[in-house]
Structures are given as structure tokens and as C-alpha cells.
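Chemist: First the structure, which I've put down as C-alpha cells, then a few questions once you've had a look.
Please treat every number below as a calculation from the coordinates, not as lab data. Note that this is a predicted model, so its numbers are computed, not measured. Counting neighbours? That spans all protein chains shown, and the Cβs are built from the backbone with ideal geometry, glycine included.
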Amino acid sequence: MLARIEARAADHALAILGGFAAEPGDGLPEGTGSLILLGPREPGFWGYMTAQPEWRDGLPDPMDRWSARTITALAAEFGATALFPFGGPPWWPFYAWALRTGRAFASPVRLIVHDEAGLFFSCRGALALRERLQPVAGISPCARCASQPCLSACPVGALGAEGYDVPACHAFLDRPEGAPCLEHGCAVRRACPRSQAHARMEAQSAYHMRQFHR
């Protein structure tokens, strides 16, 4: 079944980011046997996304609307329930769910780091399945990263081992010297060696930064 979900998700430029068999305390809908997280499949996600009707209709939140349409359709196909990290309440615990997969981990700067996407981890939604599946876990890329460049990459020290100083980040982005982060993506996320091996387009990172800083 996982192979079938992966193949159908790939038709929409999505990939399985991980999953887990449900246990009490996971905060999942009643009757859930397992959860599968879905996110951008690279390379190629941004080109696919920007060709979708939600991107072209000029209305707000095109990526969330596309995610809702696409993942809801996938859920119907597999007899699952579609869940999203937006549109609440309820606000589903996607951070905790990502850690439960064994493919996403707390990085030295506390952001989620993924075994394939690095600090470019981006979850567009999830499938709550009735079936009890157990996808394979991974290994944290931080375990093989001696230099940990993420800890010192932020130009103003807004993101480091102590956590995220969001006001300091916004203040920096308001200044001309913050333009590289707005145009190319967060310097900390880009510094991660695993992120650098991931084929995310700069335009996608710039979009997310504009959404964050609006």
C-alpha cells in the first residue's frame, strides 16, 4: 500500500516524508491505524506547483488551497482522512508527528531536519489511514555533521541553539541587508549540508519567506 500511495503522490509532485503506526497519545482521529506525511517531491515540485490553477487564479494562499484539494483527493482514493498543518482549529501536532516518523529530527537550531530534505523540510499534509503500516525510519543528518554550520549561519543570531528570536528575524528582513534571506531563503536552512543536497528551487524558498514576513 505504501508503494501505491507513493506512486500516486508522485503524480502530484508529492513524496512520502515518513509515517508511523498510531499509538495512544498521538492525537490522531479515532480509528487511525497509521499516519503518512506528504511534502514536496524534488526535483520538480515548484514547476508543477506554479502551473496549478490555484497558483494562477490570483486568490490568497495558493499553496494551501492546492494542498487541500490534492491531498483530500488522495485521501478519498485510499479511504483515508486528510489532515493539514493549516486551516485550524483543530491545530494538529505536525511537529510531534514528524518526530514520530523517525525520519525527521530536532536540529541543533531546534527546527525540524529531515533525512532527505534537511532543513528544507516542508509538510503539506497527511493521510490518516485505517490500515496499520510501519514505514522505514531513517538517520538524522546531524549525526554525520561535525561542523553544524546551522548554529552560526544567521547573520543576526536570530536562530541558534537558544531557539528562534522571531522579532529579531523580522527586524533584519526589514533592512536592506536582509534581502539575501528574502530572495534566496533563510541562511540557516541553506547552510545545512543536507539542505544543499536537496533540489529545492530558490523561488520556492523566497515564496515561503515572503509569506512568513508579510
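Chemist: Taking the condition of being without any contact (Cβ under 8 Å) to a residue 60 or more places away in the chain and closer than 19 Å to Leu127 by Cα, how many residues in the range 55-77 meet it? Spell out the reasoning first.
Modeler: Just the residues of the range 55-77 that are without any contact (Cβ under 8 Å) to a residue 60 or more places away in the chain, to begin with: 55-62, 64-73, 75-76.
Remaining after also requiring closer than 19 Å to Leu127 by Cα: 64-73, 75-76.
So the answer is 12.
Chemist: State the number of residues belonging to the range 41-61 that are surrounded by 13 or more Cβ atoms within 10 Å (Cβ to Cβ) and either part of a loop (DSSP other than H, G, I, E, B) or within 16 Å of the chain's Cα centre (by Cα) (or both).
Modeler: Residues flagged as surrounded by 13 or more Cβ atoms within 10 Å (Cβ to Cβ) and either part of a loop (DSSP other than H, G, I, E, B) or within 16 Å of the chain's Cα centre (by Cα) (or both) within the range 41-61 amount to 9.
Chemist: For the range 134-156, give me the residue count where each residue is closer than 30 Å to Arg4 by Cα, without any contact (Cβ under 8 Å) to a residue 60 or more places away in the chain and surrounded by 13 or more Cβ atoms within 10 Å (Cβ to Cβ). Spell out how you get there, then give the answer.
Modeler: First, the residues of the range 134-156 that are closer than 30 Å to Arg4 by Cα: 134-141.
In the following step, the residues that additionally are without any contact (Cβ under 8 Å) to a residue 60 or more places away in the chain were identified as 136, 139-141.
From what's left, surrounded by 13 or more Cβ atoms within 10 Å (Cβ to Cβ): 140-141.
Matching residues across the range 134-156 total 2.
Chemist: Sort through Arg194, Arg189 and tell me the only one that's within 21 Å of Met63 (Cα to Cα), crowded, with 19+ Cβ neighbours inside 10 Å, among the basic types (Lys, Arg) and touching a residue at least 60 places away in the same chain (Cβ under 8 Å).
Modeler: It is Arg189.
Chemist: Can you list residue pairs whose Cβ atoms sit under 6 Å apart, with the first residue in the range 32-54 being in contact (Cβ under 8 Å) with a residue 60 or more places away in the chain and more than 11 Å from His12 (Cβ to Cβ) and the second being outside any strand (DSSP E or B) and among the polar types (S, T, N, Q)? Count only pairs 6 or more apart in sequence or on different chains.
Modeler: Gly39/Ser122; Trp46/Gln204
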